[in-house]
Amino acid sequence: MSKKKIGWRIVFLLFLIIATINIVLQQRNTPYQHDEGQVFGTYYHITYQNDTSLNGDIMAELKKVDDALSMFNKNSIIARINRGENAETNNMFNRVFKLAEEISDNTDGAFDITVAPLVNAWGFGFKTGAPPTRHAIDSLRSAVGYKTVMLRDNRIFKQNPKTMLDFSAIAKGYGCDVVAYLLERRGIENYMIEIGGEVVTHGISEKRLPWKIGVTKPTDDSTAVDQELQTVLNVKDMAMATSGNYRNFYYRGGKKYAHTIDPSTGYPVQHNILSATVLAKRCAEADAYATAFMVMGLDKAKKVLDKHPELMAYLIYSDHQGQLQVWYSPSMKGKILK
């Protein structure tokens, strides 16, 4: 090789080194933004590395989700459908509906977006009240069943007009995904999005480390004062959602009633899982599967995970002696930091 060629290679390598150093320095000097607000009846907290805040754009994207899927927005598409109006759906609504259908099929109906009447009857959702009678539950079950609702040509068709749709167990996760798509379109590589406890991360945090997300220890604390962590997970370039009964419950007649309703029975679940944390590529999936696992119980949840290796789960349950135990997917092992 001639000296001239060697010289050009050295110059080229020096150029690459200098360019890389400049990129690293520029990235280190770019601040992290911290935006927050309210949506879907809860709060969002979003941290991302960018020169300026994009909170206006973030709020605009979340408003689209709210206008399509929110039970708290009386003018949303889903609210109008539940009132019996002939509302036209949009692409956002259709994507979430089809994903919900797919997850319902994968979980034998444990995830069901038509379970709202039963949830409401048990005092969670829109109202509170005494536990419903067996007769009332049997009557409501006739209006529950995801297979009785169809989406055709941007219209929802119900076999039973009393059937109600409820995207509460998937909308927050989907909202996280929508914000992630926005940030990625803007070329932002480092971010953490949290909406009502559902999370999507990418890249690194301000500390130049992978994002670390805690999983709360499931204790009977409906006031949410007790925030002791069960574990801390390395959630890098993943979505994470947690569902649990340890915050939402009430006692009546000496009996504890959880907020998770089994669509197949009409009653609150009595399984031993106290908390289900799911990691997936999309937060909408993680959100829905976490809810489904709370309905299914430990053994059935494991079977679903065997069929879907793209999912990871960290399940906290109570053993026969009432002691907290943990089971997690083998692929989750490298993500457990504490």
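Coordinate-derived values only; no laboratory data. The shown structure was predicted, so the numbers you read here are calculated from the model rather than taken from an experiment. Backbone-built Cβ (ideal geometry, glycine too); neighbour counts: all protein chains shown.
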How much length, in nm to one decimal, is gained on full extension between K338 and E85, taken as 0.36 nm per residue of separation minus their Cα-Cα distance?
86.1 nm
Distant-in-sequence amide H partners of T216 (H built 1.01 Å from N, under 5 Å)
Q230
Which FRET efficiency value, to the nearest 0.05, do you get for A136 and N55 by plugging their Cβ-Cβ distance into 1/(1 + (r/R0)^6) with R0 = 56 Å?
0.80
Just check the stretch 54-117 against the gyration tensor rule for me: Cα atoms, a ≥ b ≥ c as the square roots of the eigenvalues, rounded for a/c under 1.5, and otherwise prolate or oblate depending on whether a/b exceeds b/c.
oblate
Would you mind calculating the gained length between N234 and T30 on full extension (0.36 nm times residue separation, minus the Cα-Cα distance), in nm to one decimal?
71.1 nm
Which order do peptides 71-83, 110-122 fall in by mean Cβ count within 10 Å, highest first?
110-122, 71-83
Please label the shape of the stretch 33-335 as rounded, prolate or oblate, based on the square roots a ≥ b ≥ c of the eigenvalues of the alpha-carbon gyration tensor (a/c under 1.5 means rounded; beyond that, a/b larger than b/c means prolate, else oblate).
oblate
Packing-ranked peptide list from 209-219, 233-243, highest mean Cβ count within 10 angstrom first, is 233-243, 209-219
For the pairs K212/K236; K172/K302; K307/K338; K98/K147; K172/K333; K300/K335, flag any whose C-alpha to C-alpha distance is greater than 20 Å.
K172/K302; K307/K338; K172/K333; K300/K335
For Y314, Y181, what's the fewest-to-most ordering of other Cβ within 10 Å of each Cβ?
Y181, Y314
If packing is taken as the average number of other Cβ atoms within 10 Å across a peptide's residues, how do 300-308, 134-142, 41-49 rank, most packed first?
41-49, 300-308, 134-142
